[in-house]
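Asks: Mind looking over this structure? Questions follow.
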Amino acid sequence: MKAVVVAGGDLDAGDAEELRDADLVIAADGGARFLESHGRRPDVVVGDLDSVDAALVERLVAAGVPVERHPVDKDATDAELAIERAVAAGATRVTVIGAFAGERLDHELGNLLLLADAGLAGRIGDLRMVRSGTVARAVHGPGSIAIEAAPGARVGLLPIGGDAVGVRTAGLRFALEGETLRLGRSRGLANVVVSAPASVRLEVGVLLVVESTDRE
């Protein structure tokens, strides 16, 4: 089951395409505004509701949309709460849009770091964050991930939480053959897909894999 979480960060009009085949749509607080602007009613609204107009909330409640209100002082972002809600509903693929940028760099980084959470990775077969042709996912070692972007697309590999050990790539211009990508270093950035199928494998650690249709 595919769930789409709509968070309150920057959203591109094209991000609405992710909604077309969604089985469950969750508005994380201010994400409800984007959905209303695209004529799509969420299946549920989750969050502290500090970034969405009370009038919009009232309209959604009147239309029968469940609203799960959380305290403003809480231990998780609205996006994280919405992802957990999707998992509880049985989602095996969760796509988050609106997770990037906006006015809060700390929220953007916090959202991206959710990809590194081993607990979420173990419960969701596919967790990704998408904006305007950029897709961020994570591979947890030992494991591998298929690169979905076509030849010419850019790929960045960033270790999270520690060094990524035993990294091997296929189909990328700058090949890695069992090497270590050090936390805090930029060696894995600015790679390019040269052939399909492309993939990344690692033995130990977590790699953030960022694919962009921005071709070189």
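The values are calculated or read from the model by the stated rules, or taken from the named source; none is laboratory data. No experiment lies behind these values; they were computed from the predicted model shown. Glycine gets a Cβ as well: all are built from the backbone with ideal geometry, and neighbour counts include every protein chain shown.
Asks: Among Ala91, Ala101, Ala32, which is farther than 14 Å from Ala7 by Cβ and either surrounded by 16 or more Cβ atoms within 10 Å (Cβ to Cβ) or at pLDDT below 90 (or both)?
Replies: Ala91
Asks: Then there's this: Ala27: touching a Lys or Arg at 6+ places or on another chain (Cβ under 7 Å) and assigned by TED's automatic domain parsing to the domain that holds Ala91, yes or no?
Replies: Judged against the criteria, Ala27 is not a match.
Asks: Looking only at region 101-130, filter to residues that are part of a helix (DSSP H, G or I) and under 20 Å from Leu181 (Cβ atoms); which one of those is farthest from the chain's Cα centre (by Cα)?
Replies: Only one residue fits best here, namely Ala118.
Asks: Only one of these is among the basic types (Lys, Arg) and without any contact (Cβ under 8 Å) to a residue 24 or more places away in the chain: Arg69, Arg41, Arg33. Name it. It would help to see each step written out before you state the result.
Replies: On the way: Arg41 fails: without any contact (Cβ under 8 Å) to a residue 24 or more places away in the chain; Arg33 fails: without any contact (Cβ under 8 Å) to a residue 24 or more places away in the chain.
Of Arg69, Arg41, Arg33, the one residue that is among the basic types (Lys, Arg) and without any contact (Cβ under 8 Å) to a residue 24 or more places away in the chain is Arg69.
Asks: Taking the conditions exactly as written (part of a strand (DSSP E or B), in contact with a Gly (Cβ under 8 Å, 6 or more places away or on another chain) and closer than 30 Å to Leu157 by Cα), does Val5 satisfy them or not?
Replies: The answer is yes for Val5.
Asks: Being among the polar types (S, T, N, Q) and not in a loop (DSSP other than H, G, I, E, B) is the filter here, so list the residues in region 164-216 that pass it.
Replies: Those that are among the polar types (S, T, N, Q) and not in a loop (DSSP other than H, G, I, E, B): Thr169, Thr180, Asn191, Ser199, Ser212.
Asks: So which of Arg137, Arg104, Arg123 ends up being under 18 Å from Ala89 (Cβ atoms) and among the basic types (Lys, Arg)?
Replies: Numbers: Arg137 fails: under 18 Å from Ala89 (Cβ atoms); Arg104 fails: under 18 Å from Ala89 (Cβ atoms).
Exactly one residue qualifies, and that residue is Arg123.
Asks: So which strands (runs of 3 or more DSSP E) stay within region 12-93 end to end and still have 3 or more residues that are among the aliphatic types (A, V, I, L, M)?
Replies: Ranges flagged: 24-28, 44-47.
Asks: Now a separate question. Please verify whether region 131-145 includes one or more residues that are farther than 20 Å from Leu109 by Cβ, over 22 Å from the mean Cα position of the chain (by Cα) and part of a strand (DSSP E or B).
Replies: no
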